[in-house]
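Student: Mind looking over this structure? Questions follow.
The values are calculated or read from the model by the stated rules, or taken from the named source; none is laboratory data. Note that the structure is a prediction, hence the values are computed from the model and not measured. Cβ placement follows ideal geometry from the backbone for every residue including glycine, while neighbour counts extend to all protein chains displayed.
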Amino acid sequence: MQPAVQKSLNVSLVLLCFTLLLYMKYTLVFASTERDWVVTVVDQPIQVNHTVHLQVFVTDEMYEGVTNATVKGYFSHESGDVSVIFHHVESGLYEAEALFRAEGDWMGEIFVSTWPHEEVQPALLSVEAGGL
């Protein structure tokens with residue numbers, strides 16, 4: 001084999017090995033960041049055309065409150081959509097204000113994320129007719 005071809009093959013082999021090592025390193029880093037979160041929507045009465053403080057608890061696999069997450073909610077109804085951004089209150093409790101303009105069942109999802117992990121929890125909110 002000619003020296004130039006041999007050198008080219010050696011460089012290619014070194015680059016391939018380096019690429020595989022980087023891939024394995026980052027795959028292990030991402031795999032180790034997986035979390036088992038529990039997202040619980042606090043059940044509370046919601047009345048149409050009344051501002052409500054929606055609350056969710058986010059806990060980890062050890063039932064410790066997750067305090068550094070980004071938490072968002074999206075809810076849909078035939079009359080429209082509502083999007084909220086929750087803020088951390090304490091010990092894994094997150095809260096957001098929302099106003100629902102129609103009664104009935106609102107289908108939604110709660111998105112909880114800390115890079116690079118995201119958890120999506122389906123949610124169903126029942127909005128009742130407002131009282132006086």
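Student: Closer than 18 Å to residue 36 by Cβ and in contact (Cβ under 8 Å) with a residue 60 or more places away in the chain - does that describe any residue in the range 89-112?
Tutor: Yes - at least one qualifying residue is present in the range 89-112.
Student: Of 86, 100, which residue is part of a loop (DSSP other than H, G, I, E, B), at pLDDT 95 or above and surrounded by 12 or more Cβ atoms within 10 Å (Cβ to Cβ)?
Tutor: Details: 86 fails: part of a loop (DSSP other than H, G, I, E, B).
Only one candidate passes the filter, namely 100.
Student: One residue is enough: does the range 71-78 have a residue meeting the conditions surrounded by fewer than 16 Cβ atoms within 10 Å (Cβ to Cβ), under 14 Å from residue 42 (Cα atoms), more than 17 Å from the chain's Cα centre (by Cα) and charged (D, E, K, R)?
Tutor: Scanning the range 71-78, I find no residue that is surrounded by fewer than 16 Cβ atoms within 10 Å (Cβ to Cβ), under 14 Å from residue 42 (Cα atoms), more than 17 Å from the chain's Cα centre (by Cα) and charged (D, E, K, R), so the answer is no.
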